[in-house]
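To start, the structure itself, in structure tokens.
The values are calculated or read from the model by the stated rules, or taken from the named source; none is laboratory data. All figures in this text were calculated on a predicted structure; none of them were measured in a lab. Because the Cβ atoms are built from the backbone with ideal geometry, glycine has one as well, and the counts that use them run over all protein chains shown. In case anyone asks, the SASA skips ligands and DNA or RNA and just uses the protein heavy atoms, side chains included. Shrake-Rupley method; radii C 1.70, N 1.55, O 1.52, S 1.80 Å.
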Amino acid sequence: MSTGPDHPDHPDHPTCAHCGLPAPPPPDGESAFCCSGCATVFHLMQDTGLGSFYALRDRLGDAPSGQPVEADAVAEAERAYALYDDPAFLARYSRPHGATTQRIELYVQHVHCAACVWVMDQLPGLLDGVVEARLDFGTRRLRLVWDPSRVQLSHVGAFLARIGYPTHPMGAEADTARKKEERAELFRIGVAGALAGNVMLISIALYAGAFGGMDPAFHRFFEWASLLLTLPAVTWAAWPFYRGAWAGLRLRRAHMDLPLSLGLIGGSLMSAWATFTHAGVGYYDTLCTLVFLILLGRFLQTRGQRSAMTGTELLDALTPRRAYRQAGESFQAVPIDALREGDTVRVRSGEVFPADGAISSGQTHADLSLLTGESAPRPVTAGEPVFAGTLNVGDEVHVTVSRSGAETRLGRLAELIEQAGAARAPVVQLADRISGWFVAAVLVIATVGALVWSRLDPTRVFDVLMAVLVVSCPCALGLATPVALAVARGRAARRGILVKSTAAIEALAKVRHLVLDKTGTLTEGRLGVTHAELDPALAAELAALEARSSHPAARAVTRWALSVATSTDAPAVRDVTEHPGRGLEGSVDGHRWRVGSVGWLGAPAALQAPLDAALTRGESPIVLERDGAVVGLLALGDAVRPDTADALARLRAEGLALSIRSGDHPRVVASLAARLGIDEAHGGVPPEAKADGLSGRADVAMVGDGINDAAALRAAAVGLAVAGGAEAAMQVADVYLTRPGLTPVAELVVGARRTLAVIRRNVLFSLGYNVLFVTLALLGFVTPLAAAVLMPLSSLTVIGSSVFGRTFPDAPEAAPQTGAFAGSARAGSGSRTTQAAPA
């Protein structure tokens, strides 16, 4: 097939004046460029007097040859990553993600600033078939979703390698690559520091010679020594900056490293030209110190970012690294990744269950607080399920594995957090857009500044130009938001608040209306005594009798009676008889007790008022009879959580409007709302209707715990699943609260608003910093060396602002002592009236 002159492969097709790649035909009399980045660099080189670079390049025969070389590079890179398409490799490291797409996590090398994260985010628009690409800066972990029918994984890996970001599959190979990269970073910083120190010593000698006189031969020797020592600094040591800038140019994006790289290249060429032509002094000390300080500053940035991210990776450390799997008559230690369905593992007391499964032998107690928020360990016996990440607090047991690794309940929770956490909050995307425009603006400002100073004082053009390019690097702006969100998520996680998405923090800070479920959210979610009329001296006898029954009402009465009993003696119980649908009777220490419904024992006239109140609230009254006389009345219902009243007060103080949507009887819901001071309450709401009116509203958050709340949690701007709820609610919610009650909800709202305030402060500081120091640099008040110090300091200031910002408290607050029976029931035997729930 023939190709015309407009075809990229035609020999007469125009090529880019800067990089030599195929370019669109230019207007008559103008140079051709493949992208705006190359055009900007080309014109900047011309405006600063460096246009001879292109002539020198052509004379040396080093001009880019365009598409053929690119094709060879592509082929070589794809051969290096051919393993990525091997079925065994994909089976081990990837997993299905939807009907036609796959998901994999890769470790990415050479990531050194927020701009690199931004480059990764552009992949879906650059490679057909890449659906999603999200890079975690702290861990260098790239979450990639691609369609194998449209693009091969090897092609993606090769593309990333060609733009300067080699990848490795997560695992031992990634750990090795990470450690190797960290050592290389430290070595690069050490070499740059040694070079900077030696060049500074030579510069001191040159400065002294300028004042006291120096033999011309020694002066030339020191100049050439400075040049030779500077070359490794501005080439090898500064290579990460050039790689980042080049990656941005290849993607036709203005990268944060672009102005910095231009400053280094321009300073190096001008200094070398001065040395070769005896036209003046070079800037060798400034260049070497600049490279060293920026490398050191970015290394500290990376460490600060990683430490901020450790809290959000909390779940990664919740399962053991190894398990003891049965092999014949013994148990052998194996990596947790080696566990498969059907394996039998041994879990001793105090150890964490390594996988989901069922007890095959033995019985114990399991601490499930990680997944359910239950503070009391749950007894588990043969055949009952246990979950990875929960703690064995009883005897040694054997467990038959049903799910391991990422397939466990804990693994799915971690995946949900990670997937949603990779979604960038709108405020992060705004910062990314600002950064891109800012880099372009800086290049224009630097060019204009150079032209102005070339007329005012040509000897200062380079100093001003390089100071502007260096001090304007918007790394602080790029870090302003993600670091603050990462720190906030980490602190929230340490308080049992697992925020699955950074976008949820921003959304929650803007919420003005909180919709609450009733059962399990405002209340305990289980049957309990909500009001009692009984002498506490009789509570021990009542507890002894009710303990003989397994009925849920009997268990609720037993729990309450034991909590208020004034005697620790165990009464003798005989002749216990249960009457289904009516109640229970028996002899306790010689006294004949009957406990049951009003229909069985009648309505006592003396207790008519509390009886009517219980019926009004929709609760179940229980009459207590001893030796033929009525001695008390209990009301059974779903007790309000102890911290509910205080938490609601804190939420109101934050300006939130509160409402209840529940499937319970409208009368019960209305009564609870009146007691808690909530004006808007809707009862009898079916699950399908709970979400009505929530979708599309950015100011509404939903708090719930049950499967019937799942649709509402998904529809609301932010869904909050409270501890102990159904797994379906946990999966669809944006935030999972591992601590019971509404106190974590109040902490989350306050923390989210404080976090947004920190982000705004960081962004304003970053923008104000750049505007101030770019202006000062243009006016000639900032030297290139001072710019090298100021640039990383701005980023470190943003990190410090985020780390030390008051977002979430460091330790959980003590639960308020407003719970049931905190008062007169324990005061003495003379009191007959005990309020079981806050009014």
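Fully extended, how many nm does the chain gain between residue 273 and residue 575 (0.36 nm per residue separation, minus their Cα-Cα distance)? Display every interim value, and only then the final one.
Values: separation 302, 0.36 × 302 = 108.72 nm, distance 10.85 nm.
Full-extension gain reported as 97.9 nm.
Rounded to a whole number, what % of the accessible area of region 577-685 do carbon and sulfur atoms account for, probe 1.4 Å?
Values: 2390 of 4590 Å².
Looking at region 577-685 in its full context, I get 52 percent from C and S.
Taking Cα pairs under 8 Å and at least six residues apart, what relative contact order does region 551-618 come out at, in percent? Before the final figure, lay out the partial values.
Numbers: 43 pairs, mean separation 11.5, N = 68.
Dividing the mean separation by the residue count of region 551-618 yields 17 percent.
Given 0.36 nm per residue, what is the gain on full extension from residue 781 to residue 654 after removing their alpha carbon distance, in nm? Numbers along the way, then the final one.
Numbers: separation 127, 0.36 × 127 = 45.72 nm, distance 4.59 nm.
Computed gain between residue 781 and residue 654 is 41.1 nm.
What is the sum of charges, Lys and Arg at +1 and Asp and Glu at -1, for the other residues whose Cβ falls under 15 Å from the Cβ of residue 761?
Values: positive: 753, 754, 760, 806; negative: 506.
Residues near residue 761 contribute +3 overall.
Give the relative contact order (percent, whole number) for region 504-654; include only Cα pairs under 8 Å separated by 6+ residues. Each step should come with its number before you reach the end.
Details: 232 pairs, mean separation 41.1, N = 151.
Computed over region 504-654, the figure is 27 percent.
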